[in-house]
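Written below as structure tokens is the structure these notes are about.
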Amino acid sequence: MSILRLEGTPSRASLAGLTPRVHFALPSDIDSIVSNFLTGTDKTRYQELLVSLKSASNSDENLINLLESCYTNVNKLDERVHSLVIAILNLNWNSSSDTLASKFQQFLLELVATHTYFTSPALESLLRKFYGFGDEPWPSTKPSVKEELHFSRVHETINQILKIIPMSANVLLQACDICFPFMKRGSRVNQSYVYNLFKICTYRPEMRSKILSLIIKKVISIDVQIPRKLLEALDDDEEEMETDAKMDDTETVFTMDDVSRSAASRITSVVDTNMQQQLAQTLDLLMEQIFVFIKEFCSRDADENEIIHHQSIFMDFLDIFEHQLLNVHGSHHVQFCMFYLCTLRPILPELFLTALWSKVTRMGENAVVRQTAAHYIASVVSRGRFVSVNATRSILQQMSKWCHAYVEAQQDATICDVKMHGIFYSVCQGLFYIVAFRHADLVATEKGLKWVQSLGLAKLVTSRLNPLKPCLPAVAQNFATVTRTYQIAYCFTVLEKNSRSQLPTVSLSGQQTVTNLNCFFPFDPYLLNRSAVFVNDQYREYEPLEQPGDERSDSENEETFGTPPKESLPKCMSPGSFTHLVSPTKLSRSLDKFSYGSSPGFKAY
Amino acid sequence: MEIEEHMGATSEGDACVWVHCVKELYLQPHYFNQVQKGVGDAMNATINKYQGDLAGVVRQHKNVKLLSVDGTITDEESYIKLQVEADFEVFRPFVGCKLKGVVNKVSANNVSCLVHELFNVSCPNTMGSDDWVGYNAVLGQEITCQVTKVDLSGRIPYIRASIVKLHQTENGNHKHFNDEEEEEVVEEEPVETPKKKKKKKDKSGERVKEKKKKKHDSEEEASSTPKKKSKSRREDVSSESEVIEIPEIDILKALKRKRKSGDLPDSPRPKSKKRKLHMNEAGDKFYYDDDGGPIFV
């Protein structure tokens, strides 16, 4: 292709002043180029224009001229010159001068008003500007001043397009989904994009719920990628890992001749952990953005509208929670947005609990969802400092009432069948968990103690359905200890009987059937460093019963791991000896840490 | 398959027709125990979207009726197919028809306007002539144009038109295009009002009926089990009556209008309720006042 054929090339002198680079002037007679292209007389100039637009080395001045000529001839830029329009839309305009930006906005608005079918590519090109520039995450939750200006121009344009074309709201939502950066694309890009999606919510409140739902969907997909164990390991052995990685590097250098399989697998595992580390950072930043959005949204006009404000955002999130989060298996952090929302007003945790409880008791609902809702109730009541004693009492009352009614209705049941009575066992475990966790609040006064006794826990424990059996051993042990201390119920005989009668069951397929409940504690400790500040204030750590003479050696604890053997029963009578679910080798670490994963997060001794 | 019957245009210049037809809906399995909600959601999903079988964009619908007792599940597909009969208001512009809109963007060679506050119509100066009418257009002005090109199938319908006439408001100052809602209401009034009244009555009557039916339905559904019938399974949707009446779903819109008229007692709406609008040859609208003299709008 000959560069000499381009018409209207400015003199060298005028070009030399701008940048040291060589620029090819863009033609300003779009009119004739397009009409020649359409009639078929001269296609080369059109193609040359496309190439020079994509070369990304055009001076501002040239681009301004081009955009002006496009603006006046916008009627001719229809679907037949689709590729030219797309090339113009993809121009990098925002990082440059103000005039160029305003020309571009002008052209864009004119284009979508004249040819509505270009709305979708136009919005997509705008949304891609939200990726920002640079790789390092912002030190604070906000972008730099320069970037903020860049973003505000894009927002202004989007807002105007939405005003001119009322039907484009749906197109925008779709474009938001399409343009959402892939989770492994880097934490900065994701942070910047999510920040700007939240910005759209501020000037388009009617789109808020849908945008929130989109963001949560994406954050969930990141959250379930990161195993909890990895985060714990990251917390502990960060330095260790680094040295390990260095060691690996040197090793690979010297053993290039025969790379053993183990070395190769070690490298891949390091790459994997690095990837997941990066994902964890992304998740941390996105969670931070979500918390900041909630915080700012609620403090925007803090006068008489505050209550409505809080409730509206809460209802949005509750809707998303019920439709997305309740159905997700293995999320660890996204649910903390509900936790944080509940800290805003005392009424909100009650609303949350009511919604959850209605899920548990709704007959038509899927059993898994009902069980998950029960787990959520147990976890939020235990972990949230914002749940008042009264709210705790009322939910406990409801739960125990429901359980008693269930036992009444199932008098024929003789065996403990987790599959059949899963919801009942989940609710019971929740009940035990809350009592074990919040015993200090519940029995603070004599009246409170009497109230706990009135729940009829003893009757429940000794019922034929045997709710203690499928419970997580740690929960059962702690509950037994607490109830024994306050003389509410006597569970150890039941526990002993259960441990004796626990036979290994084998199904036809040869796999051991699950006799324990599928345990899930959604509000286990929050492990992301940056965003944890929003949660930590209101997070309740486990406070064990303190009794003298409970000190036990590690070896004794190891003995009680899993189902307690018969002879260790007297030890089980004391609160200190409940089982550790982390492996015994990690015991030393768990002494000053919480045990996670399938454990309820009780403090280990 | 489709019984279509035109019920006439709603009013001049809006290119809308009421169509009575049979439509097939596909419900997802999670609607099994809430068929009414499913039908409502599926019907609402058609609003403001291009429907190929109706050859236009659905504006609203009413009188939704389930035609059959059963829904069918064919082969391995997950959804239930239901047949529904309803009246649809369909926006169906064609080349050559006239549209009334409000200008919402004016630029050198193009005037863009909104029809029904929703559909963008662009009126470009295609000939490049110097005495183009569009040069006089002002934001918020009412405009009549003639369609020259239509493509409704995209996510945003594309309509191109040429300007026929720019309407001048009496005082010369044009309403801002955010306020045009009242303006449009005046025109639609003579045709729309009687229908709406009917609707409201129908609704209250239907609701009582439905409450009774709902109870019955849920009981039925709980006990019914899917039966196998030759190749296709059939799912009992309701067994009692052949036709379930589904409430008019456009409640939000109705509420919105209701509130609007309540908030603005001085709007021209109540006036035009009683009087019929006429149009003279020049296209100006007027109505006859109590003395029989014409009053121009």
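The values are calculated or read from the model by the stated rules, or taken from the named source; none is laboratory data. This one's a predicted model, so the numbers in the text were calculated from it and none came from an experiment. No Cβ is skipped: glycine too gets one built from the backbone with ideal geometry, and neighbour counts run over all protein chains shown. The protein model used for the area step is the full one, side chains on, heavy atoms only, and it has no ligands, DNA or RNA in it. Shrake-Rupley method; radii C 1.70, N 1.55, O 1.52, S 1.80 Å.
Quick notes on this one:
- Bins of 10 Å from zero: percent of alpha-carbon pairs in the range A:408-487: 18, 50, 26, 6
- Equivalent ellipsoid, the range A:21-233 (semi-axes from 5 times Cα gyration tensor eigenvalues, Å): 35, 19, 16
- For the peptide A:33-41, the mean number of other protein chain Cβ atoms found within 10 angstrom of a residue's Cβ is 0.
- Across the range A:329-456, the volume of the C-alpha convex hull divided among the residues equals 113 Å³ per residue.
- Gap separating the Cα centres of the range A:370-425 and the range A:123-186, nearest whole Å: 45
- The range A:52-182, accessible surface, carbon-and-sulfur percent (1.4 angstrom probe): 53
- Neighbouring partner chain Cβ atoms per residue of A:163-171, average, 10 Å criterion: 5
- On the basis of the beta-carbon distance and an R0 of 25 Å, A:Asn92 and A:Glu68 show a calculated FRET efficiency of 0.90.
- Alpha carbon centroid spacing (whole Å) that separates the range A:274-297 from the range A:25-87: 42
- Packing-based ranking, highest mean first, of A:213-223, B:109-119 given that Cβ atoms within 10 Å are counted: B:109-119, A:213-223
- Relative contact order, whole percent, for the range A:21-233 stands at 16, derived from Cα pairs under 8 Å and 6 or more residues apart.
- Assigned charges on the beta-carbon of Lys, Arg, Asp, Glu; the range A:141-216 dipole about Cα centre (debye): 160
- Dipole of the range A:21-233, positive end: most advanced residue of A:His155, A:Ile165, A:Met207 [Cβ charges, Cα centre]: A:Met207
- Shielding by other protein chains, A:105-118, mean Cβ within 10 Å: 5
- Using the average count of surrounding beta-carbon atoms within 10 Å as a protection proxy, the listed peptides B:35-42, B:24-31 rank, highest first, as B:35-42, B:24-31.
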